[in-house]
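This report concerns only the one structure given below.
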Amino acid sequence: MEELRKYVACLLQRVDGLLAIVITDRDGVPLVKVALDSAPDMALRPSYLSTFSAMATDQAGKLGVGKNNKIISIYSNYQVIQMNKQPLTINLIATKTANTGQLVNLENDLSVVVNDLAQAVVET
């Protein structure tokens, strides 16, 4: 698990403005969390992570355009990108000026971590 955390910490440094990477289960329980001190505490709480993604995914699903894979929310000071990787969710918290495209591209690098974690979650 420590190697996974180190790998994710390296990814955190690759995008200017990226403040946190949190991989959670479907209930918002963090399995891997790497965050800078400047990351907003509220965005790192399991209650925010689970409620936000569940509600937004439910609403997006009602549009009738297929399964929702990503949600990008940009606020006055921050942006939150959530990637649905059932049974897990990747949460990226960044400054509003961070390059959103670079953040989304981290999905490829995080897929290996998420696949290993998902397998462990399914087996338990």
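The values are calculated or read from the model by the stated rules, or taken from the named source; none is laboratory data. Every value quoted in this text rests on a predicted model; they were computed, and no experiment measured them. For neighbour counting, all protein chains shown are included, and Cβ atoms are generated from backbone atoms with ideal geometry for every residue, glycine included. Only protein heavy atoms, including side chains, enter the accessible area calculation; ligands, DNA and RNA are left aside. Shrake-Rupley method; radii C 1.70, N 1.55, O 1.52, S 1.80 Å.
Below are the figures for this structure:
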item: Members of the stretch 1-29 found to be under 23 Å from Thr100 (Cβ atoms) and open to solvent by 70 Å² or more (accessible area, probe 1.4 Å), listed by number; result: Tyr7, Cys10, Gln13, Arg14, Asp16
item: Criterion violated by Val104 - all others in (1) over 20 Å from Val121 (Cβ atoms); (2) modelled with pLDDT under 95; (3) not in a strand (DSSP E or B) satisfied; result: (2)
item: Tabulated pairs, the stretch 1-22, first modelled with pLDDT of 95 or more, second open to solvent by 100 Å² or more (accessible area, probe 1.4 Å), C-beta under 8 angstrom, 6+ apart or interchain; result: Gly17/Thr97
item: Which listed residue, of Val8, Val15, is in a loop (DSSP other than H, G, I, E, B) and closer than 18 Å to Leu110 by Cβ; result: Val15
item: Residues located in the stretch 93-120, provided they are closer than 20 Å to Met1 by Cβ, touching a residue at least 40 places away in the same chain (Cβ under 8 Å) and surrounded by 13 or more Cβ atoms within 10 Å (Cβ to Cβ); result: Leu106, Asp109, Leu110, Val113, Val114, Leu117
item: Residues (in a loop (DSSP other than H, G, I, E, B), buried (at least 16 other Cβ atoms within 10 Å of the Cβ) and either modelled with pLDDT of 90 or more or of a type in the set (Val, Ile, Thr) (or both)) located in the stretch 30-88; result: Ala39, Pro40
